[in-house]
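Participant: First the structure, then my questions, so here it is.
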Amino acid sequence: MRPFVCVLAGLLLSLAGDSGRCLAQDPLVLKGAQVLDENGASFREGVMVALSDGRIAAITEGSAEGTTLELEGLHLIPGLIDLHTHLVLYPYDQRSWDDQVMRESVELRTIRGVIGARKTLLSGFTTIRELGTEGAGFADTALRDAVNLGLISGPRILAATRAIVATGCYGPSGFAPRWDLPKGAQVADGVDGVRKAVREQVAAGADWIKVYADYRRVRGGPSTPTFSQEELTAIVDEARSAGRPVASHAATDEAIRRSVMAGVKTIEHGYGASEESLRLMKQHGVVLCPTLAASEAIARYTGWSPGEPDSIRIKTARELMKRALRSGVTIACGSDAGVFAHGTNAKEIELMVEYGMTPEQALEAATRTAAAVLSLENEVGKIRAGFKADLVAVEGDPLQDISALRRVKVVIQGGRIVVDRRNEDR
Ligand SMILES: [Zn+2]
């Protein structure tokens with residue numbers, strides 16, 4: 001254990017750079033920015049945002065006392081939220097998922113998570129939902145706790161820990177049957193088995209439960225539903241007893257239907273959702289996280305390049321968005337970062353616009369909608385007095401050009417400036 005702690009401590013010291021510059025002035029007054037309205041539809045000019053005690057104290061046209069941070073020419077938006085990340089994973093074109101999961105120690109992967117958390121925060125994402133450590137145990141709860149203790153710099157993390165899969169329904173796979181390999185998630189079967197898994201994960205610190213309602217049975221095979229209706233219902237019921245919501249990985253129509261009937265809160269991916277299932281989701285208030293950026297990344301890793309005709313994966317994602325928008329189901333930002341680089345999570349929001357949302361809708365999906373999914377709608381996701389002072393100043397108007405989200409100049413988390421790039425070259 002000791003060598004790990006030393007390495008981690010050294011890493012933290014070496015990372016102290018930027019955050020060492022953090023100002024701790026309180027109250028802090030943000031001046032000169034165009035400020036996103038509570039309803040997210042327009043920016044207000046000529047207002048100051050006063051921050052105190054980690055919260056937004058006031059948005060005022062008058063004067064405000066405190067240290068001034070000049071944001072002239074920038075647009076101020078709420079801290080962004082990504083509902084689907086894997087901090088311990090990194091892009092599969094750098095190393096395959098199998099090799100990351102099977103060849104890297106949990107300690108190394110956790111250190112990667114520390115770096116990923118920092119990159120995520122500095123790109124303007126101040127809250128994330130970590131949807132599974134992919135074989136790295138409870139690394140996400142450690143990352144969450146380290147952020148909360150102020151040991152490392154990262155977004156607020158809601159952790160799902162190991163995720164739950166059925167026997168024979170997750171990777172690593174494709175090896176001779178005589179090898180009994182541990183999986184990248186917790187294997188559980190039957191109503192009693194899945195209830196026990198939920199109990200174990202909650203006791204280990206899970207804020208959310210993630211279940212794989214479908215997956216490939218064999219390497220290269222199609223996804224098929226995994227858990228029965230009874231098992232899924234038991235998972236949601238057990239999680240509910242513990243006050244934990246459930247996110248369901250479901251790409252097939254049947255797994256989506258079973259998940260909705262079981263009472264999950266979000267569907268992850270959802271590519272195969274029929275109009276009927278989307279209607280059912282809407283009716284039950286189930287939110288869709290379409291993970292468009294992951295589809296795009298995997299398309300790139302398998303030979304497609306931007307500008308070429310849509311690959312099958314991209315076509316599927318585009319069509320899902322079209323159906324989903326038509327159905328009126330609630331869509332939230334969940335990117336599956338880890339499959340692609342941490343710190344580029346905004347790609348999801350850009351693709352939402354490319355595939356049919358207005359910039360206003362896409363920004364809402366990554367702020368107010370995502371906050372509501374996390375039951376944090378009275379804390380984050382809006383620039384409103386009393387809310388957490390999680391704020392991002394970007395260059396350009398994201399309601400006109402969503403790529404402004406890539407030009408993050410200042411990130412404020414809980415009233416503290418965590419990055420200030422106002423003087424860096426444009
Ligand atoms: Zn994922």
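Participant: Just need the relative contact order of region 223-335 here, percent rounded to a whole number, with Cα pairs under 8 Å and 6+ apart.
Facilitator: Result for region 223-335 is 24 percent.
Participant: Could I ask something else about it? Would any residue of region 86-106 have its amide N under 19 Å from a label point 7 Å out along Cα→Cβ of residue 219? List them or say none.
Facilitator: Answer for this model: 92-104.
Participant: Out of 237, 140, 99, any idea which swings most in a Gaussian network model of the chain, alpha carbons joined below 10 Å?
Facilitator: Of 237, 140, 99, the most mobile in the Gaussian network model is 99.
Participant: Quickly estimate the mean residue ellipticity at 222 nm for the chain, helices only: each DSSP H run with n ≥ 4 gives -39500 (n - 2.57), and the total goes over all residues, rounded to 500. Walk me through the numbers on the way to the answer.
Facilitator: Working: 13 runs with 147 residues, N = 426.
Helices in the chain give a 222 nm mean residue ellipticity of -10500 deg cm²/dmol.
Participant: Using the beta-carbon distance between residue 240 and residue 37 and R0 = 41 Å, what value does 1/(1 + (r/R0)^6) give for FRET efficiency, to the nearest 0.05?
Facilitator: 0.70
Participant: State the number of lysine pairs found in the chain whose Cα atoms come within less than 16 Å, restricting to pairs 8 or more positions apart or on distinct chains.
Facilitator: 8
Participant: Sticking with this structure for a sec: So if each residue of separation counts as 0.36 nm, and I subtract the Cα-Cα distance between residue 325 and residue 67, what length gain in nm does that give?
Facilitator: Full-extension gain reported as 88.5 nm.
Participant: Rank 263, 190, 135 by mean-square fluctuation in a GNM of the chain with C-alpha springs under 10 angstrom and give only the top-ranked residue.
Facilitator: In this elastic network of the chain, the residue with the biggest mean-square fluctuation among 263, 190, 135 is 190.
Participant: Kindly write out, for region 162-168 in residue order, the coupling ³J(HN,Hα) from the Karplus curve 6.51 cos²θ - 1.76 cosθ + 1.60 (θ = phi - 60°), rounded to whole Hz, with x marking Gly and Pro.
Facilitator: 7, 6, 10, 10, 8, 3, x
Participant: Between 220, 32, 307, which gets the highest mean-square fluctuation from a Gaussian network model of the chain, Cα cutoff 10 Å?
Facilitator: It is 307.
Participant: Return the inverse of the average 1/r over all pairs of distinct C-alpha atoms in region 161-243, which is the Kirkwood hydrodynamic radius, in Å to one decimal.
Facilitator: 13.1 Å is the Kirkwood radius here.
Participant: Convert each backbone phi in region 39-46 into a coupling constant with the Karplus relation 6.51 cos²θ - 1.76 cosθ + 1.60 (shift: θ = phi - 60°), then list the ³J(HN,Hα) values in order as whole Hz, x for Gly and Pro.
Facilitator: 7, x, 8, 7, 9, 9, 9, x
Participant: Once you mark the GluC sites (Glu not before Pro) that are in a DSSP loop and have at most 10 other Cβ atoms within 10 Å, what is the longest gap between them in the chain?
Facilitator: Of all site-free stretches, the longest is 73-423.
Participant: Computed FRET efficiency, Cβ-Cβ of residue 102 and residue 361, R0 35 Å: what is it to the nearest 0.05? Please list the in-between numbers first.
Facilitator: Working: r = 40 Å, r/R0 = 1.15.
With R0 = 35 Å, the Cβ-Cβ based efficiency is 0.30.
Participant: How much net charge surrounds residue 167 when only other residues with a Cβ under 12 Å from its Cβ are counted (Lys, Arg +1; Asp, Glu -1)?
Facilitator: Net local charge, residue 167 excluded: -1.
Participant: While we're here: Tally Lys and Arg at +1 and Asp and Glu at -1 over the other residues with C-beta under 13 Å from the C-beta of residue 312: what net charge comes out?
Facilitator: Values: positive: 313, 315, 318; negative: 296, 308, 310, 319.
Overall, the nearby charge balance is -1.
Participant: How large, in Å, is region 83-182 by the Kirkwood hydrodynamic radius built from its alpha-carbon pairs?
Facilitator: On the way: mean 1/r = 0.0706 Å⁻¹.
Answer for region 83-182: a Kirkwood hydrodynamic radius of 14.2 Å.
Participant: Where Rh is the Kirkwood radius over the Cα pairs of region 80-373, the temperature 25 °C and the viscosity 0.890 mPa s, what D in µm²/s does Stokes-Einstein return?
Facilitator: Approximately 130 µm²/s, per Stokes-Einstein.
Throughout, read-outs are computed from the coordinates displayed, never taken from laboratory work. Computed from a predicted model, the values in this text were never measured in an experiment. Positions of Cβ are generated from backbone atoms using ideal geometry, with glycine treated the same way; all protein chains shown enter the neighbour counts.
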